[in-house]
Amino acid sequence: MSQRNSLPTLPNYVNGEWCHSTAAEFLTLINPATADKLAQVPLSPAADVDEAAQTAAIAFLSWRRTPPVQRVQYLFRLKGLMEEHFEDLSRTITLECGKTLDESNGELRRAIENVEVACGIPMMMQGNILEDIASGIDEYMIRQPLGVAAVIAPFNFPGMIPFWFMPYAIACGNTYVVKPSEKVPLTMQKIFQLLDQVGLPKGVINLVNGGKAAVDAILDHPLIRAISFVGSSPVAQYVYSRATANGKRVQCQGGAKNPVIILPDADLEMTTRITADSAFGCAGQRCLAASIAITVGEAQQPYTESIADAAATRVVGYGLEEGVQMGPVISTQSRDRIHQLIQQGADEGAKVLIDGRNVEISGYGQGHFVRPTILQNVNPKGAIAKTEIFGPVLSLMHVETIDQAIALVNSSQWGNMACLFTNSGAAARKFRYEADAGNIGINIGVAAPMAFFPFSGWKESFYGDLHGQGQHAVEFFTQTKVVVERWSQKDWSRKF
Ligand code: NAD
């Protein structure tokens, strides 16, 4: 890191080397719990993206010819290094993002699991063949890499989200550019220090720090063939339409407003614990956070009382400290936005049953904290029922039947996750079958797919066809080639 205003300025990593961005603008990175200044983040211009893309395009020529069994050896080494540096990486996530150390550990574990799955590329990337599609003619399908691909990542999982894509992309023979969120660039700095030790050929993997200018340069760059985006839905829509108009393959995971339904037969203690973790874990800054709890029939009163108690007693503080269950939100702007949305909910008729606004955490007066908040009797037709708050706010709604609850779930424009809490297998099956969402949980609060399943997402929570992780990622990062082949038996018999 070079020094700028006494704070380190984060470098980019291009062509196997750390290098200065040519940026004229920088952001100051802040620890959201302590407000300590951590580093200067360059807002790299298009020229920096161009250099990374050119480098990656050259590296692709030989990387695609490197046998898959050799390509994955670099990933085995990366996994080893990530395990060795697990604690440091985890602390870095908490430092810049605010979540608790336990939450950072969980995030990092899922990142490593994606490396492990991508190590299976020699199996996953295989094509298929049918002999004798006509007499003496065979037809087969092979998978080939695309070229240069890139990821544009959000702030809430700085260690995990690039791993939904990157290990698969390079294992399939593509070369890669990572553009982390400018709000949390430190974790990728550390990951790239490990990638540097892994010894990948120069240019296979590149890091460009930045914001909108870097994103636009990625969307327009003629050498970048495929783009994975994760972030808010308005930006997802923008990225999808601009990049597809430029002829690229694009997958965009967007925002969410996730409902959980609680039936009267659900285990109250377990449901409360799990839904509280879902709504308030990571300070509600998870695309799979429970945001609306819909009670059915007699579940209303006991669940309302127990979730209110869980919200009021959650331990909020600095994520590096023992016993803390919830950290700050990412920025003062984010905190102010959440405050405003809570007020909007109240203005629309909801009761602020537990109010997490204007909280001060002892010793962290400058931190961006919001305590768990519960809005009761939220109007399903109001704006707050449809707006992603992305903070520790749970909206309560009530209906009399499971059909009404599922209808409420399906009336949403979002479709990232929906969960049901019950002891009834028949209710669970009905819900799984009928709910319009890409990730479904039954007695699960955060239905995050393992690395070997696609991270689904429907409706305005996803733009594209193939999702991140697992076999979907392999399909996204390869193009199919079909070969129809005939050899003359006559020539063969003359020669031998
Ligand atoms: P964001 O949309 O603000 O930023 C995401 C990325 O887009 C960043 O790298 C940023 O630099 C870039 N960007 C931001 N504004 C841009 C613009 N106008 N033009 C071009 N690029 C721009 O999202 P965020 O606040 O970092 O992350 C939170 C959002 O991400 C939430 O909406 C959350 O639901 C969503 N998310 C979704 C998933 C999922 O799997 N569906 C996972 C994690 C987060």
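The values are calculated or read from the model by the stated rules, or taken from the named source; none is laboratory data. As the structure is a computational prediction, the values presented were derived from the model and not from experiment. Reconstructed Cβ throughout: ideal geometry from the backbone, glycine too, with neighbour counts over all protein chains shown.
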Would you pick out the residues in the range 283-303 that are farther than 19 Å from ASN439 by Cα and either within 14 Å of the ligand (Cβ to nearest atom) or among the hydrophobic types (A, V, I, L, M, F, W, C) (or both)? ALA283, VAL296, ALA299
Among the candidates THR332, THR295, THR304, which residue alone is within 23 Å of SER232 (Cβ to Cβ) and β-branched (Val, Ile, Thr)? THR332
So PHE453, is it buried (at least 23 other Cβ atoms within 10 Å of the Cβ) and outside the structural domain of CYS287 (by TED's automatic domain parsing): no
From LEU89, LEU75, which residue is surrounded by 19 or more Cβ atoms within 10 Å (Cβ to Cβ) and more than 30 Å from ASP277 (Cβ to Cβ)? LEU75
Out of (1) among the aliphatic types (A, V, I, L, M); (2) surrounded by fewer than 24 Cβ atoms within 10 Å (Cβ to Cβ); (3) within 16 Å of the ligand (Cβ to nearest atom), what's the single condition that is false for LEU200? (3)
Return yes when TYR238 is farther than 24 Å from PHE453 by Cα and of a type in the set (Phe, Trp, Tyr) and no when it is not. yes
Note on the range 233-245: residues within 14 Å of the ligand (Cβ to nearest atom) and crowded, with 16+ Cβ neighbours inside 10 Å are SER233, VAL235, ALA236, TYR238, VAL239, TYR240, ARG242, ALA243
Within the range 365-377, identify whether any single residue is outside any helix (DSSP H, G or I), more than 16 Å from the ligand (Cβ to nearest atom), out of contact with any Phe, Trp or Tyr (no Cβ under 9 Å at 6 or more places or on another chain) and farther than 30 Å from ALA312 by Cβ, and answer yes or no. no
Please list, ordered by first then second residue, the pairs with beta carbon atoms under 6 Å, 6 or more apart or interchain, first in the range 462-485 and in contact (Cβ under 8 Å) with a residue 24 or more places away in the chain, second small (Gly, Ala, Ser). TYR463/ALA236; HIS467/SER456; GLN469/ALA451; PHE477/ALA169
What residue, of LEU95, LEU194, is in contact with a Leu (Cβ under 6 Å, 6 or more places away or on another chain), within 23 Å of PRO11 (Cα to Cα) and among the hydrophobic types (A, V, I, L, M, F, W, C)? LEU194
A careful count of residues in the range 304-339 that are within 16 Å of the ligand (Cβ to nearest atom), surrounded by fewer than 18 Cβ atoms within 10 Å (Cβ to Cβ) and among the polar types (S, T, N, Q) gives 3
Does the range 154-161 contain at least one residue that is in the same structural domain as THR92 (by TED's automatic domain parsing) and more than 16 Å from the ligand (Cβ to nearest atom)? no
Just wondering, is there one or more residues in the range 418-429 that are loosely packed, with under 12 Cβ neighbours inside 10 Å and either farther than 25 Å from GLU298 by Cα or β-branched (Val, Ile, Thr) (or both)? no
Do any strands (runs of 3 or more DSSP E) entirely within the range 122-179 hold 2 or more residues that are surrounded by 22 or more Cβ atoms within 10 Å (Cβ to Cβ) and of a type outside the set (A, V, I, L, M, F, W, C), and if so, which? 175-179
Hits in the range 266-283 (condition: out of contact with any Ser or Thr (no Cβ under 6 Å at 6 or more places or on another chain) and assigned to a loop (DSSP other than H, G, I, E, B)): ASP267
Identify, from the list GLU103, GLU139, the residue that is within 16 Å of the chain's Cα centre (by Cα) and either within 16 Å of the ligand (Cβ to nearest atom) or on the phi < 0 side of the Ramachandran plot (or both). GLU103
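Yes/no per residue for (1) of a type in the set (Asp, Glu); (2) in a loop (DSSP other than H, G, I, E, B):
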residue: PRO32; (1), (2): no, yes
residue: VAL49; (1), (2): no, no
residue: THR55; (1), (2): no, no
residue: ARG65; (1), (2): no, yes
residue: VAL69; (1), (2): no, no
residue: GLU87; (1), (2): yes, no
Going through the range 180-195 one residue at a time, which ones are hydrophobic (A, V, I, L, M, F, W, C) and part of a loop (DSSP other than H, G, I, E, B)? VAL184
Inspect all residues belonging to the range 440-460 and state whether any of them is among the acidic types (Asp, Glu), without any contact (Cβ under 8 Å) to a residue 60 or more places away in the chain and either assigned to a helix (DSSP H, G or I) or farther than 17 Å from ILE274 by Cβ (or both). no
If I filter the range 246-255 for residues that are more than 20 Å from the chain's Cα centre (by Cα) and either crowded, with 19+ Cβ neighbours inside 10 Å or more than 15 Å from the ligand (Cβ to nearest atom) (or both), do I get at least one hit? yes
Residue under evaluation VAL393, criteria (1) farther than 30 Å from ASP336 by Cβ; (2) of a type in the set (Val, Ile, Thr); (3) within 16 Å of the ligand (Cβ to nearest atom), criterion not met: (1)
Filter the range 342-364 down to residues that are assigned to a loop (DSSP other than H, G, I, E, B) and among the hydrophobic types (A, V, I, L, M, F, W, C) and give me whichever is modelled with the highest pLDDT. ALA350
Residues of the range 213-247 being farther than 16 Å from ALA46 by Cβ and either part of a loop (DSSP other than H, G, I, E, B) or outside the structural domain of VAL151 (by TED's automatic domain parsing) (or both), in sequence order, are GLY231, SER232, GLY247
